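Undergrad: Encoded as structure tokens, here's the structure I'll be asking about.
The values are calculated or read from the model by the stated rules, or taken from the named source; none is laboratory data. Please read these numbers as outputs of a predicted model, since none were measured by experiment. Virtual Cβ from ideal backbone geometry, glycine too; neighbours counted across all protein chains shown. Accessible surface is based on the protein model in full, side chains and every heavy atom, while ligands, DNA and RNA are left aside. Shrake-Rupley method; radii C 1.70, N 1.55, O 1.52, S 1.80 Å.
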Amino acid sequence: MTSPPPNGHMQLALAEAAAAAGRGEVPVGAVVVSREGRVLAAAGNRTRELNDPTAHAEVLAIRAACAGLNSERLTDCDLYVTLEPCPMCATAISFARIRRLYFGAWDPKGGGVDNGPRIFSQETCHHAAEVYGGLDATRAGDLLKAFFAQKR
């Protein structure tokens with residue numbers, strides 16, 4: 001696969017992650033982008049704020065983009081997220097039919113794309129997005145490390 005196009009979408013996801021950290025949430029940010037590069041939705045984690053274990057950045061961004069397009073599918077859209085999606089989010093990405101997934105840091109413990117159950121590789125997976133990992137991984141990882149170091 002070719003490398004992802006240079007753009008500021010991951011920077012916006014990182015800004016959403018930093019905002020999430022400022023709210024006391026695990027710093028993960030996500031951005032849904034149209035084929036033309038227009039930002040359709042951006043979100044950061046809000047699990048604690050909303051008392052909702054499904055309020056991960058990816059799910060919130062997918063929900064908002066679907067609502068904005070009045071569609072349950074995002075077939076021509078790309079998702080930028082600062083951390084490798086967990087199995088729940090990878091499944092939501094599959095169900096939404098996201099075209100391409102770009103993520104920052106890998107998540108060896110909780111990831112569901114390149115680590116863990118590798119949702120897109122399962123026989124039961126409805127749709128597998130093209131995946132590009134490691135986009136601005138150092139900055140994404142540093143946000144997470146700083147957040148958890150502060151918690152300890």
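Undergrad: Please list the non-local residues whose amide H lies under 5 Å from the amide H of Leu83, H modeled 1.01 Å from N, same-chain partners needing a gap of 5 or more.
TA: Correct list: Gly29, Gly104, Ala105.
Undergrad: Something else now. In terms of the ratio Rg/(2.2 N^0.38 Å) built on C-alpha atoms, what value belongs to the chain? Mind showing how you got there, number by number?
TA: Details: Rg = 14.1 Å, N = 152, 2.2 N^0.38 = 14.8 Å.
In units of the 2.2 N^0.38 Å rule of thumb, it is 0.95.
Undergrad: While we're here: For every other residue with a beta carbon closer than 11 angstrom to the beta carbon of Leu101, add +1 if it is Lys or Arg and -1 if Asp or Glu, then tell me the sum.
TA: Working: positive: Arg99, Arg100; negative: Glu58, Asp78, Glu84, Asp114, Glu130.
Its environment carries a net charge of -3.
Undergrad: By the scheme Lys and Arg +1, Asp and Glu -1, what is the net charge of all other residues having a beta-carbon under 10 Å from that of Val81?
TA: Result for the local shell: -3.
Undergrad: Given the rule -39500 (n - 2.57) for each run of at least 4 DSSP H residues, summed and divided by the residues of the chain, what is its mean residue ellipticity at 222 nm, to the nearest 500 deg cm²/dmol?
TA: Mean residue ellipticity, 222 nm, calculated: -11000 deg cm²/dmol.
Undergrad: From the phi angles alone, apply the Karplus equation (6.51, -1.76, 1.60; θ = phi - 60°) to region 59-72 and give each ³J(HN,Hα) in whole Hz, x where the residue is Gly or Pro.
TA: With coefficients 6.51, -1.76 and 1.60, one gets 5, 4, 5, 4, 4, 5, 5, 4, 5, x, 8, 6, 8, 8 Hz.
Undergrad: Further, regarding this structure: Within the chain, what is the longest stretch that has no GluC sites (Glu not before Pro) placed in a DSSP loop and near at most 13 other beta-carbon atoms within 10 Å?
TA: 73-122
Undergrad: With a 1.4 Å probe and every protein chain kept in, tell me what percent of the accessible surface of region 26-152 is carbon plus sulfur.
TA: Carbon and sulfur together cover 50 percent of it.
Undergrad: Oh, and also: Trypsin sites (Lys or Arg not before Pro) within region 5-68: which are DSSP loop residues with at most 14 other Cβ atoms inside 10 Å?
TA: Of the trypsin sites (Lys or Arg not before Pro), the ones in loops of region 5-68 whose Cβ has at most 14 other Cβ atoms within 10 Å are Arg23, Arg35, Arg38.
Undergrad: While we're looking at this one, here's another question. For Ala57, what charge total do you get from the other residues with a beta carbon under 14 Å from its beta carbon, if Lys and Arg give +1 and Asp and Glu give -1?
TA: -3
Undergrad: A further question follows. Which of rounded, prolate or oblate describes region 87-135 when judged by the alpha-carbon gyration tensor and an a/c cut-off of 1.5? Could you put the intermediate results ahead of the total?
TA: Working: a/c = 1.96, a/b = 1.24, b/c = 1.58.
Oblate is the answer for region 87-135, as a/c is 1.5 or above yet b/c matches or exceeds a/b.
Undergrad: Please list, ordered by chain and number, the residues whose modelled amide H lies under 5 Å from the amide H of Leu101; skip anything fewer than 5 residues away on the same chain.
TA: So Leu101 has HN proximity to Leu79, Glu130, Val131, Tyr132.
Undergrad: Follow-up. Want the number for Glu49 to Ser71: 0.36 nm per residue separation, take away the alpha-carbon distance, what's left? Intermediate results must be reported in sequence, preceding the final value.
TA: Values: separation 22, 0.36 × 22 = 7.92 nm, distance 2.65 nm.
Extending this stretch completely gives an extra 5.3 nm.
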